[in-house]
Each structure stands twice: as structure tokens, then as C-alpha cells.
Amino acid sequence: MVLHRPVPARLPVPAGLGRLAVLTTVFVCAACGLVYELELVALASYLLGDSVTQASVVLSVMVFAMGVGSLLAKRLRARAALGFAAVEAVLALTGGLSAMALYACFAWYGQARLAMVAFSLTIGVLIGAEVPLLMTLIQRIRRQDAGCAVADLFAADYVGALVGGLAFPFLLLPALGQLTGALVTGAVNAVAGGALVLWLFRRDLSPRARWALLTANGLVLVVLAVCSVLTGPFERAARRAVYGTDVRVAVRSGVQEVVLAGGDGGGRPLSLFLDGRLRVSGDVESRYHEALVHPAMAGEHRRVLVLGGGDGLAVREVLRYADVRSVTVVELDPEVLRLARTDPGLAALNRRAYRDPRVRVVTADAFDWLREGGRPAVGPYNVVLSDLPDPGLTPSTKLYSQEFYGLVTRVLAPGGRIAVHGGDLDARPHVFWTVDATLRSVGLCTAPYRAAAPQGRGAPGRDWGFLLAARAPVRLALAEARPPLPSLTPETLRAEGLAAERRKEAGALPSTLMHPRYAG
């Protein structure tokens with residue numbers, strides 16, 4: 001076997017310092033590369049949902065592409081310094097702009113999956129080309145055993161990946177956000193790669209090549225700087241493209257992005273979006289919340305627990321019963337609670353439910369809160385309302401698990417009832433019947449039913465699937481002393497229950513924390 005022996009480099013500094021400069025560049029580039037990966041995973045999960053699927057696609061495509069990049073880098077080894085500088089300039093531009101481009105595809109074209117795969121492939125190829133070129137450069141500084149050189153390079157690479165992996169969630173994302181964080185990372189990447197070659201290996205380059213690299217890196221930094229200045233107008237334009245022109249509130253809490261549109265008396269009903277998904281549409285929400293709440297209130301309902309539902313709309317329906325003594329709301333996002341109290345449109349829609357002295361609010365993760373006790377001082381709950389995000393979303397999977405419903409039964413009073421939103425019964429029946437099987441697996445009897453959104457309003461043709469559960473066989477009914485319900489009568493409730501039963505899927509298995517069964 002013939003080994004390639006790199007020609008020793010003519011360095012402006014001692015070999016030891018040059019070697020340290022290369023390893024430092026490996027460290028920085030590795031940190032930037034992992035930030036690009038995590039940024040693609042995070043943004044794709046936010047835009048497309050199901051974080052497990054998006055992470056699997058991004059990481060598997062990137063790892064494959066890194067192998068391709070390593071092979072392609074062999075063609076550049078003869079001019080390793082110039083090749084490395086070119087790779088880093090393209091990587092800085094591609095990685096830095098990836099978040100903005102992905103968000104633009106989602107906002108204006110409604111499709112981000114192809115862009116996610118394309119950026120994962122491109123960034124992976126460029127990252128894969130780094131190590132072979134850096135291996136050539138470090139061997140040119142001081143020849144050493146190949147195993148030792150590889151160990152040094154990978155040690156710096158792995159430590160850099162650790163720093164980048166920690167910097168993304170704890171520094172870049174909270175301080176700069178997705179878009180600016182990616183752009184700043186690209187700028188760091190460009191400076192690190194360009195500086196190494198233009199300083200340490202400048203004698204390997206012709207004057208023309210040096211000027212070309214300097215110009216290319218300068219243009220990359222200018223583009224990233226301009227895009228960084230324009231992130232504010234870009235985000236506002238993208239939000240208008242996604243949510244419409246009447247966005248009133250757009251805030252990023254520690255949990256999710258919360259957007260309120262309409263509901264200001266201008267004609268459009270209020271819409272509440274959480275992480276880009278419509279959660280409340282003011283013109284149809286009453287049908288959803290009446291169907292969720294009132295069948296569960298047909299019995300003792302002095303003490304009510306609402307899991308989720310921070311918008312206050314389920315609480316509004318509960319408080320229509322004068323004999324309710326206490327309502328406990330467990331909501332993870334304090335920003336949703338704040339808007340439900342203070343935003344004029346949302347507060348008017350929930351009829352200022354949080355001003356009622358019977359309402360107690362707990363800001364916590366519902367699973368953790370139930371595990372830590374969750375019992376009121378006055379006794380267990382007669383009614384539990386699970387008004388949580390769709391079970392098909394990965395962060396919500398544990399809130400539709402066997403373990404979660406086991407915790408719920410611990411706080412349920414004898415004869416108590418649980419109402420659960422199980423997803424869209426028409427579009428995703430498997431998810432709905434998996435919720436049903438999971439409730440039954442903890443010893444509960446269930447009664448399925450549905451509620452349809454009005455045609456031509458909100459989400460045309462969509463229906464909401466619900467499950468009423470109790471320890472004993474449960475019958476769909478409404479309380480005799482109930483408030484007026486325009487969209488729900490005992491007859492329509494029974495009819496919707498029969499319609500749901502006719503669609504029952506046999507063989508659905510319960511979902512657990514160790515074996516989640518909800519498709520994304």
C-alpha cells in the first residue's frame with residue numbers, strides 16, 4: 001500500500017503553535033456543525049411536528065451525507081488548504097441561512113420537508129469533507145503517526161460538538177432565537193475557517209487565491225450580517241403569511257410560540273396558534289368546548305380538574321354550573337395564562353374566567369404535577385377534563401400514556417368522570433382508538449363520541465373525537481340542570497356517540513412511555 005506523504009507546510013509560526021491553531025479550528029467547526037444539526041431538528045419539529053421523526057430524518061441524512069463528503073474530499077487533498085477554506089465558506093453560508101430558508105419555505109409555500117432534507121444533505125456533505133482535509137493539513141505541519149493524528153482531531157471534534165450541543169439550547173436559542181442564532185453560527189464558522197487558511201497556510205496560496213478567499217469570506221459575512229439585520233422584518237412578514245395580516249400578539253415563551261390573531265373587533269374571529277398550529281378558532285371553539293365539558297358534568301361536579309386548557313375556554317363552560325365549588329387548572333405555559341387573563345380578545349372569549357374566585361391555577365407540567373400528588377385539600381376531583389395538545393405530537397405523547405391515565409385515576413373521586421380529547425376521529429382514527437385502548441388499560445370504561453365543526457367555518461370537514469371515561473360503565477348524557485347549549489342536545493350527543501362507535505377499530509394497543517404508539 002502506498003501512503004500519501006503531504007509536503008511540509010511553510011508556516012509563519014512554530015509547528016506546535018500551528019498544530020494548536022488547526023485543533024482549535026476543528027473545535028470551532030465541530031461546534032458550528034452540531035449547532036446546524038440541532039437547529040434543523042428544532043425548526044423542523046416546530047414547523048412539521050413529531051420531533052422523533054424529524055430528528056431521525058435530519059440526523060440519518062446528515063450522517064449519510066458526511067460519508068459522501070469524506071469521499072468527495074479526497075479530490076481536494078492535493079490543495080487541502082484552499083479546499084478547506086472553500087468548504088468552510090460554503091458551509092457557513094448554507095448553515096447560517098438554513099433556518100431562514102426553511103421558515104420561508106414553510107411560510108410562503110406551505111412545505112418545508114423537502115427543504116429540510118436538502119439542507120441536511122448539503123450541510124452533511126460539507127461537514128464530512130472537513131476532517132479529511134484537516135487531517136492532511138495537520139500532517140503537513142508535523143508528521144506523526146496516523147493513529148495519533150486521528151485521535152487528536154477527533155478529540156477536538158468531539159469536545160467542540162459537546163460545546164455546540166450545549167450552547168444551542170442554553171445560549172443561542174434563548175438569547176438570539178432560531179434565525180439569528182444560525183446566522184451568528186455561520187459567521188463564526190466563516191471567520192474560523194478563513195482565518196486558519198489565510199493566516200497559517202497563506203504561503204500555500206497564490207496571491208489570486210488569497211484575494212479570492214478573502215473576497216468570498218467577506219461576501220459571506222456581509223450576507224449573514226444583512227440577513228441578521230433583516231430578521232425582524234422577515235419574521236413579521238413570515239408570520240403574516242402564516243397567520244394572516246391581523247396578528248396582534250406574537251411571543252416566544254419558554255415552552256412554545258404563542259400567536260393571537262383577530263378578535264379585535266375588526267371582523268375576523270380570534271385565533272390562537274401554539275407553535276404554528278391553530279388551537280382556538282373563535283367562530284367554532286364553543287362547539288369543541290361544549291362537547292368536551294358538558295357530557296362529563298352529568299353527575300356530581302363540585303370539584304373539577306382541567307389539565308391544559310390555559311386559554312380559559314373549558315373553564316368558562318365549567319363555571320356555567322352554579323354548584324361548582326372549585327376548578328383547578330394545570331397549565332404548563334405561563335404566557336398562555338397571562339394572555340387568557342389580560343388580552344382583551346381572549347379574556348372576552350373566556351368571559352374572564354380567571355377572575356372567578358373558584359378558579360385555582362397551577363403552572364406546571366400535568367404529568368409531573370399528578371405524580372407529585374395533585375390532590376386538592378378538599379378531596380379528590382369529580383370531573384377531570386383533559387384539554388391537551390393532539391396526541392400525535394411527540395411532546396404530548398406522555399400525556400396520553402398508560403402511566404399518565406394511571407396517575408389521573410388516583411385523583412378521581414368515586415363515581416368521577418374523565419373527558420379526553422382524542423384527536424381527529426375522521427383523519428386519524430388509529431390515534432383516537434389508541435387513546436381509547438390506553439384509557440381502558442388502566443381499568444376505565446369508555447364511551448366515544450365526536451363533535452363536527454360547522455362546514456365552511458374554521459376547519460371545514462374536521463371533527464373532534466372525545467372519550468368519556470369512568471371506573472364503571474359510562475353512559476353519554478347531559479346534566480338535567482344544565483345551561484343552554486346551542487350546539488349540543490341529548491339527542492345529538494347520543495347520535496354522535498353511535499357514529500363514533502360505528503368507526504371503532506379493533507386491535508388498538510395501549511400507549512406507554514416505553515412504547516408510544518401514536519403515529520406522528
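The values are calculated or read from the model by the stated rules, or taken from the named source; none is laboratory data. Values in this document were obtained by computation on a predicted structure and should not be read as measured data. Neighbour counts run over all protein chains shown; Cβ positions are idealised from the backbone, glycine included. Protein only, heavy atoms only, side chains kept; ligands, DNA and RNA dropped before computing areas. Shrake-Rupley method; radii C 1.70, N 1.55, O 1.52, S 1.80 Å.
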- prompt: Cα gyration tensor of the stretch 251-327, axes a ≥ b ≥ c as square roots of the eigenvalues: rounded (a/c below 1.5), prolate (a/b > b/c) or oblate?
  reply: prolate
- prompt: If a helix is a whole DSSP H run, which ones in the chain reach 24 Å or further along their own axis (Cα) and hold a mean Kyte-Doolittle hydropathy of at least 0.0?
  reply: 15-48, 51-73, 80-109, 113-141, 146-167, 173-195, 207-229
task: Give the shape of the stretch 406-501 as rounded, prolate or oblate, defined through the alpha-carbon gyration tensor: a ≥ b ≥ c are the square roots of its eigenvalues, a/c under 1.5 means rounded, and otherwise the shape is prolate if a/b is larger than b/c and oblate if not.
output: oblate
query: For A322 and V150 in one chain, what is 0.36 nm times their gap in residues minus the Cα-Cα distance, to one decimal in nm?
result: 54.6 nm
- prompt: Which label belongs to the value computed from this structure, given these candidates for Rg and Dmax of the Cα atoms in Å: [x] 24.2, 79; [y] 63.1, 208; [z] 28.4, 91?
  reply: [z]
query: Just the accessible area per residue of the chain, please: how many Å² with a 1.4 Å probe?
result: 43 Å²
- prompt: What value, in deg cm²/dmol to 500, does the helix sum -39500 (n - 2.57) over DSSP H runs of n ≥ 4 give at 222 nm once divided by the residues of the chain?
  reply: -17000 deg cm²/dmol
message: Just to be sure I follow the definition: excluding the sites themselves, where is the longest run in the chain that has none of the GluC sites (Glu not before Pro) in a DSSP loop with at most 15 other Cβ atoms within 10 Å?
response: 1-299
Amide hydrogen neighbours beyond the local backbone of V361, cut-off 5 Å, H modeled: V329
Heavy-atom accessible surface of the chain: percent carbon and sulfur, 1.4 Å: 62 percent
message: On the Cα set of the stretch 104-263, report Rg and Dmax in Å, please.
response: 20.4, 70
